[in-house]
């Protein structure tokens with residue numbers, strides 16, 4: 001194969017990766033707003049079949065015009081997102097309005113810890129099966145580090161199998177809560193938990209064949225302002 005053909009194939013692969021990543025970010029933002037596809041489309045100028053196509057990376061994937069409609073829809077649920085993040089993965093992560101009824105002047109006087117607490121409570125109020133965790137190790141560094149807050153919706157029983165390959169909040173049968181990447185175990189009832197940072201020393205980087213009470217894929221991640 002010629003160099004020209006290789007370059008063209010690489011461009012096509014990168015384009016497909018971009019479409020798939022936009023699809024993942026779209027599903028993440030819809031889950032953060034706690035909306036089914038039907039609920040999402042019922043109050044937006046978006047056809048449900050179009051939304052399915054966007055979330056599955058079909059027909060070119062999510063467009064910039066579509067992204068603007070998505071952002072306007074989730075904003076009604078108190079979820080804020082930029083076009084740059086949704087389309088390119090750049091810029092600030094999506095956030096929720098923690099205290100919709102509080103005057104802006106009062107919000108300016110809150111500490112960041114208090115704002116993070118309110119944001120977490122907002123997520124829990126919107127998601128009755130919420131799992132939340134304040135990260136206390138560097139096992140999933142560099143994406144997550146100590147002090148970050150993560151949240152997701154619990155999957156239990158057979159649904160835990162659907163989380164394989166995802167970064168999840170998990171609770172083991174022994175009651176330990178961790179943030180780890182979930183992998184398949186040696187049998188259908190057990191799972192293996194993997195760190196993205198293999199140099200962690202405070203806890204095992206791999207926990208093999210452990211039974212889980214639940215696994216909750218991360219759909220909300222909050223870092224402290226580094227400045």
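If residue 201 satisfies all but one of (1) in contact (Cβ under 8 Å) with a residue 12 or more places away in the chain; (2) surrounded by fewer than 14 Cβ atoms within 10 Å (Cβ to Cβ), what's the number of the condition it fails?
(1)
Select from the range 65-79 the residues that are over 12 Å from residue 26 (Cα atoms) and exposed (fewer than 15 other Cβ atoms within 10 Å of the Cβ) and list them in ascending order.
65, 72, 75, 76
With respect to residue 182, determine if the residue is surrounded by 14 or more Cβ atoms within 10 Å (Cβ to Cβ), in contact with a helix residue (DSSP H, G or I) (Cβ under 6 Å, 6 or more places away or on another chain) and without any contact (Cβ under 8 Å) to a residue 40 or more places away in the chain. Reasoning before the result, please.
Values: surrounded by 14 or more Cβ atoms within 10 Å (Cβ to Cβ): yes; in contact with a helix residue (DSSP H, G or I) (Cβ under 6 Å, 6 or more places away or on another chain): yes; without any contact (Cβ under 8 Å) to a residue 40 or more places away in the chain: yes.
Here the answer is yes, as residue 182 does meet what is asked.
I'd like the full set of residues that are part of a helix (DSSP H, G or I), in contact with a helix residue (DSSP H, G or I) (Cβ under 9 Å, 6 or more places away or on another chain) and without any contact (Cβ under 8 Å) to a residue 40 or more places away in the chain, limited to the range 72-87. Step through it out loud before you land on a result.
Of all residues in the range 72-87, those part of a helix (DSSP H, G or I) come to 72-75, 83-87.
Narrowing further to those that are in contact with a helix residue (DSSP H, G or I) (Cβ under 9 Å, 6 or more places away or on another chain): 73-74, 83, 85-87.
Result: 83, single match.
Could you tell me whether the range 142-151 includes any residue that is modelled with pLDDT of 90 or more and in contact with a helix residue (DSSP H, G or I) (Cβ under 9 Å, 6 or more places away or on another chain)?
Within the range 142-151, one or more residues are modelled with pLDDT of 90 or more and in contact with a helix residue (DSSP H, G or I) (Cβ under 9 Å, 6 or more places away or on another chain).
Please enumerate the residues belonging to the range 128-145 that are free of Cβ contacts under 8 Å to residues at least 40 places away in the same chain and within 19 Å of residue 207 (Cβ to Cβ).
Residue satisfying the conditions is 136 alone.
The values are calculated or read from the model by the stated rules, or taken from the named source; none is laboratory data. These numbers were taken from a predicted model, which means no experiment stands behind them. All Cβ positions, glycine included, derive from the backbone under ideal geometry; neighbour counts span all protein chains shown.
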